[in-house]
Amino acid sequence: MAGRTLYDKIWESHTVGILPTGQTQLFIGLHLIHEITTAPAFDMLRESGLDIPFRDRTFATVDHIVPTDLRQRPFLDKEAEDLTRALENNVEQFGVEFFGLDSMNQGIVHVIGPQLGLTQPGITLACGDSHTSTHGAFGTLAFGIGTSQVRDVLATQTLAMDKLKVRRINIGGALGIGVYAKDVILHIIRRLGVAGGKGFAYEYGGAVIDRMNMEERMTVCNMSIEGGALVGYVNPDQTTFDYLQGRAYVPSGAAFKRAIDYWKSVASDADAKYDDVVEYQGKDIEPTVTWGINPGQSVSISERMPRPEEFPDPEGAKKAYEHMGWQPGAPMLGTPINVAFIGSCTNGRLADLRAAAKIAKGRKVNSGVRALVVPGSAQVKKLAEQEGLHKIFQEAGFQWREAGCSMCLAMNPDKLNGREISASSSNRNFIGRQGSPQGRTLLMSPAMVAAAALNGKVVDVREYE
Amino acid sequence: MSEIVKITRVGGTAVPIRGNDIDTDRIIPARYLKEVTFARMGEYPFFDERYDGSGKKKDHPFNDPEYKDASILFVNKNFGCGSSREHAPQALYRFGIKAIVGESFAAIFAGNCTMMGLPAVTVGAGEIDQLVRSVEENPRTEYSLDLQSKTLSYGNHRIAIDLPETYRIALTTGSWDSTALLRANLEQVKKTAAKLPYMSGFSS
């Protein structure tokens, strides 16, 4: 019998049964919630008179809508205040653990789960946010869900699911200087396409992934959904165990040893059978930047923007050029920017801020650029300040903010104006994503964003490394 | 829970939205996710593509009187990619869309549609071109989607449609609103949970 993947193992151990529809009823070990996608789910519970049978397996925070400058209540934005209040009332009424604005554990849901050690190998994890794939970095079967599914998890701790296929993605060799985890995942999405992962879980491996720290692995897994894959994961290893040891929700002593035994047991077997395998080499990956309106429309920094006819979908490329306003064939290098955003669940962790600060240190943000650094969590902010990163950023001319999702999706006051062009460490360059229907987003690594901020245009960060 | 509603057939006129990879930020901009309920989502689908900054209507199929009251939406590839926001299918549904026919759908979007009782079904690329042309030529064309026979009919035409069999069963048997189905197994859920070592904090 062929070996099994991590996905197979977790799927089997969490299967409650097969439903009359043919779907699997899957137990959800951890449920993370936030203010945006949950209010109607709690309303549905109330209307049906249902309780939360496993309420100690749900944790809540506020991230999407929170202002990152003035945080006094009530918020200036009445809608933001009402939605935050709705969550506060719901967690109070149903007895859900809540990391609110006054908690040191507040932050982007995909940053705080790992930081607290709630995210662990061998569990199933659901959250009403597509970037829940982030948690797969730990060997967790983690995926985003809609509001009706949030209701189902609250009411039953299970979901009706169909099993995915598994594609192994090997990244061999080593990355060059100035090439980051963000470049790896942008490269993968460019090669496999934004819909290429439909029906698959992505298992990332190979020498490059093996050498990555947990924060880098989270960046890779985070954007699995941008490649169409609901789930992305890395098999747990010593790097994973070292990261988890001593965190708030991780057991200690003999229980920690038992946990490691379990975590090791869920990793894919050496002879695991995959539905598909692809291989890329680290040396072929360069600093990568998106030029278009989806995360698959990217080029290496040294390349020119492609011609629409080079694309399988020329009409889609034309639509992208129409919005972005570039000429096909123009160089990416030197593209002007107005805004620089460092943060998000993709790249708002301590390692990301360190990488950006290394570039910004002792230099000045270009006078034409509005530059923001938004830590992914209150804890990341605190640790960064202990290292003096905030001083480096502030002296360079970056604004240093409170934790939240901020300009990744611009549900708070941090937005692009008009046709502004943003160099952004976030995950989506969709039309209107950063708050202006005419705004333009260039996705890149945090170090590349910092370098772009200094120059007022896209540059090759390797000149600084 | 709510009463069982079996969805076997959707009939009516159609509206086409051309283009691949139409993401949920385009279907509903994030600023509308600040509302506490889905009640007003029907006012917002494709808002920034339908209105300019001053609120003036732009050229868009959802603004076109020819397609008024359409209940079936024709789309291309990877429709609904990006954010998991259920607000996107809620906006389409509350606008009046009761079925979506496309070349392919993003995973979370298709799941959200099914859980709301909104069938999202696929046809081949050539067939979607044929359907889009048919509705552009005559917006009053009546289409009939039948989930039992897995066909879409109009005039003398009959096209095979596809969707995951589990979704088809959920819709046609009225178990798409899955909470009651899942909740019925709560004892088995507790047994499954008890076997997972992390549920007891690895205490043994």
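Structure notes:
- Stokes-Einstein D for segment B:132-204, Kirkwood Rh over Cα pairs, 25 °C, 0.890 mPa s (µm²/s): 150
- If R0 is 25 Å, the Cβ-Cβ spacing of B:Ala125 and A:Leu333 corresponds to a FRET efficiency of close to 0.10.
- Computed label-point distance, nm, for sites B:Arg9 and A:Thr15 using a 7 Å Cα→Cβ extension: 3.7
- Here the residues B:Met116, B:Met41, A:Met104, ranked from fewest to most Cβ neighbours within 10 Å of their Cβ, fall in the order A:Met104, B:Met116, B:Met41.
- Remark: A:His110, A:His34, A:His131 ranked as A:His34, A:His131, A:His110, counting other beta-carbon atoms within 10 Å and listing the fewest first.
- Full extension of the segment from A:Ser103 to A:Asp51, taken as 0.36 nm per residue of separation minus the current Cα-Cα distance, would add 16.1 nm.
- Report note on the peptides B:27-37, A:307-317: ranked by the mean count of other C-beta atoms within 10 Å, highest first, their order is B:27-37, A:307-317.
- Leading residue at positive end of dipole, chain A (Cβ point charges), from A:Val250, A:Thr61, A:Thr441: A:Thr441
- Seen from A:Ile392, the other residues with C-beta closer than 13 Å to its C-beta sum to a net charge of +3, counting Lys and Arg as +1 and Asp and Glu as -1.
- Diffusion of chain A by Stokes-Einstein, at 4 °C in a medium of 1.567 mPa s and with Rh set to the Kirkwood radius over alpha-carbon pairs, works out to 58 µm²/s.
- Total charge dipole magnitude, segment A:1-72, about the Cα centre, Cβ charges on Lys, Arg, Asp, Glu only, Debye to nearest 20: 240
- Packing-based ranking of A:46-53, A:91-98, A:175-182 yields A:175-182, A:91-98, A:46-53, ordered from highest to lowest mean Cβ neighbour count within 10 Å.
- Counting charges near A:Pro251 (Lys, Arg +1; Asp, Glu -1) among other residues having Cβ under 11 Å from its Cβ returns a value of +3.
- Contact order, relative form, for chain A: 17 percent (alpha carbon pairs under 8 Å, 6 or more residues apart, mean separation divided by residue count).
- Look at the stretch A:313-320: the mean tally of other chain Cβ atoms within 10 Å of its residues' Cβ atoms is 3.
- Ranked packing of A:260-267, A:437-444, A:217-224, most packed first, by mean Cβ within 10 Å: A:217-224, A:437-444, A:260-267
- Around B:Gly82: net Lys/Arg minus Asp/Glu count, Cβ-Cβ under 11 Å: 0
- Shown for B:Ile4, B:Ile17, A:Ile337: other C-beta atoms within 10 Å of each C-beta, ranked fewest to most, produce the order B:Ile4, B:Ile17, A:Ile337.
- Prolate/oblate/rounded label for segment A:330-465 (Cα gyration tensor, a/c 1.5): oblate
- Taking 0.36 nm per residue of separation and subtracting the Cα-Cα distance, full extension of the segment from A:Asp269 to A:Leu76 would add 64.2 nm.
- Mean separation of Cα contacts under 8 Å (6+ apart) over length of segment A:22-87, as relative contact order %: 44
- Between B:Glu137 and A:Ile177, the FRET efficiency from the beta-carbon distance, with R0 = 56 Å, is close to 0.45.
- Counting Cβ atoms of other protein chains within 10 Å of each residue's Cβ and taking the mean over peptide A:153-166 gives 4.
- Near the amide H of B:Tyr143, within less than 5 Å, lie the amide hydrogens of B:Gly12, B:Thr13, all on another chain or at least 5 residues away, with H placed in the peptide plane.
- Neighbouring partner chain Cβ atoms per residue of A:218-230, average, 10 Å criterion: 2
- Extension gain (nm, one decimal) between B:Ala180 and B:Ala39, 0.36 nm per residue minus Cα-Cα: 48.4 nm
- Amide H contacts of A:Ile145 (H built 1.01 Å from N, under 5 Å, at least 5 apart or other chain): A:Cys127, A:Gly128, A:Asp129
- Residues with amide H under 5 Å from that of B:Tyr51, placed H, sequence gap 5 or more: B:Lys58
None of the figures in this text is laboratory data; all of them are computed from the coordinates on show. If you're wondering where the values come from, they're calculated on a predicted model, not measured in any experiment. Counting neighbours? That spans all protein chains shown, and the Cβs are built from the backbone with ideal geometry, glycine included.
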